[in-house]
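Everything below concerns the one structure shown next.
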Amino acid sequence: MFALRYVSNARVGQPPVPAALGFDPRGHLILSNESHKLGADNGVEPLDKIALNKVVSFHYRLAEVAQDGTHGDWLETSYDNEPLLYLHGFRNVVVGLERALEGKAVGECIEITLAPEEAYGPRQPNIVQRVPIKHLRTSQGVRTLKPGTVAAVKTDKGVRNVVVTKVGKFNADVDFNHPLAGRTLYYEIEVAALRDGTAEEIVHGHVHGPGGHRH
C-alpha cells in the first residue's frame with residue numbers, strides 16, 4: 001500500500017492555496033462555487049486530467065524513508081533539469097506512482113510514500129551475473145568501474161540498471177536488482193504538462209521525441 005498526501009496547486013514547499021479559494025484553467029481566481037462555476041455555462045473548459053494514453057510531464061524529488069518514518073537527503077531530483085515524460089497506463093513509471101497520479105491536473109502537487117512492492121520491488125537474492133565490461137554503460141564522467149557503481153546493460157527485456165559488485169580485468173559481477181529495490185521511498189511530485197499521446201506512441205507503449213524514447 002502507498003500513503004498519499006495531496007498538496008494544492010502550489011509548488012512543493014510553498015504554502016498551499018486556502019481551501020476556500022482556487023483558480024480556473026485560465027488562471028482566474030475563484031471566490032466561490034456560486035459565482036464562478038466551471039463548465040460549459042461560462043465557456044470555461046474543464047481541466048485536463050491524467051488518464052490512459054496521456055503523456056505526462058512531471059518534476060519530482062525522491063528520498064528513502066527510514067524505519068522511524070522520516071526521510072533523509074534527496075537521492076534524486078529533476079528540478080535542475082527538464083521534467084520527466086511518460087505515457088500513462090503503460091507502466092513506464094513505478095506502479096504506485098502511476099496510480100497516485102491518475103486524475104491529477106497540471107499544477108497539482110502530491111507527496112507520496114511507496115512501499116517496495118509499489119516501487120522497485122523487494123530485493124531478489126541470487127541475481128548477480130558476470131558480464132563483459134565492454135557491455136556496461138555508465139553515467140557521463142564515470143571512467144572507472146568499482147563496487148557500487150551504477151551501470152546500464154542491454155538485455156533481451158530492454159536496458160536494465162545494475163550495480164557493480166566486483167570488477168575484474170575483462171568482466172564484472174553485477175547485481176540485477178534495481179538500485180532502489182527493497183527501499184521504501186518518499187516522493188514529491190509536481191505535474192508540469194499534459195498532452196494526448198500520438199497513435200504511434202500508444203502502439204509502441206512509450207513517449208517519442210525529446211524526453212522520450214528514441215528509435
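Note on residue 117 and residue 82: with the Förster distance fixed at 25 Å, the Cβ-Cβ geometry gives a FRET efficiency of about 0.25. For the range 128-175, the number of Lys pairs separated by eight or more positions or lying on different chains, with C-alpha atoms closer than 12 Å, is 4.
Between residue 166 and residue 130, the modelled labels are 0.8 nm apart [label points 7 Å from Cα along Cα→Cβ].
With a Förster radius of 25 Å, plug the Cβ-Cβ distance of residue 95 and residue 159 into 1/(1 + (r/R0)^6) and report the FRET value to the nearest 0.05.
Numbers: r = 19 Å, r/R0 = 0.77.
Between residue 95 and residue 159 the formula returns 0.85.
Here, P(r) means the percent of Cα pairs in each 5 Å bin from 0 to the largest distance; for the range 128-175 it is 5, 23, 39, 23, 8, 1. Label separation (residue 137 vs residue 66): 3.7 nm, computed from points 7 Å beyond Cα along the C-beta direction. Each residue of the range 57-66 was assigned a 3J(HN,Hα) from its phi angle through the Karplus curve 6.51 cos²θ - 1.76 cosθ + 1.60 (θ = phi - 60°); the sequence is 10, 8, 9, 8, 10, 9, 9, 8, 9, 7 Hz, with glycine and proline shown as x. Shown here for the range 129-193: trypsin sites (Lys or Arg not before Pro) in loop regions (DSSP other than H, G, I, E, B) with at most 14 other Cβ atoms within 10 Å, namely 143, 157, 169.
Close amide H pairs (under 5 Å, H built 1.01 Å from N) link residue 208 with 213, residues at least 5 positions away or on another chain. Applying the criteria of a DSSP loop state and at most 14 other Cβ atoms within 10 Å to the chymotrypsin sites (Phe, Trp or Tyr not before Pro) of the range 67-161 yields 79.
In whole percent, what relative contact order does the range 128-175 give with Cα contacts below 8 Å and a gap of six or more residues? Show your work: numbers first, answer last.
Values: 82 pairs, mean separation 20.2, N = 48.
After rounding, I find 42 percent.
Extension gain, residue 152-residue 192: 0.36 nm per intervening residue step, less the Cα-Cα distance, totals 11.6 nm. With θ taken as phi - 60° and the Karplus curve 6.51 cos²θ - 1.76 cosθ + 1.60 applied, the whole-hertz 3J(HN,Hα) list for the range 124-135 is 9, x, 6, 10, 8, 10, 9, 10, x, 4, 5, 8 Hz, x standing for glycine and proline.
Every read-out reported here was derived from the displayed coordinates using simple, explicitly stated rules and does not represent laboratory data. Quantities reported herein were computed from a predicted structural model and do not represent experimental measurements. Neighbour counts run over all protein chains shown; Cβ positions are idealised from the backbone, glycine included.
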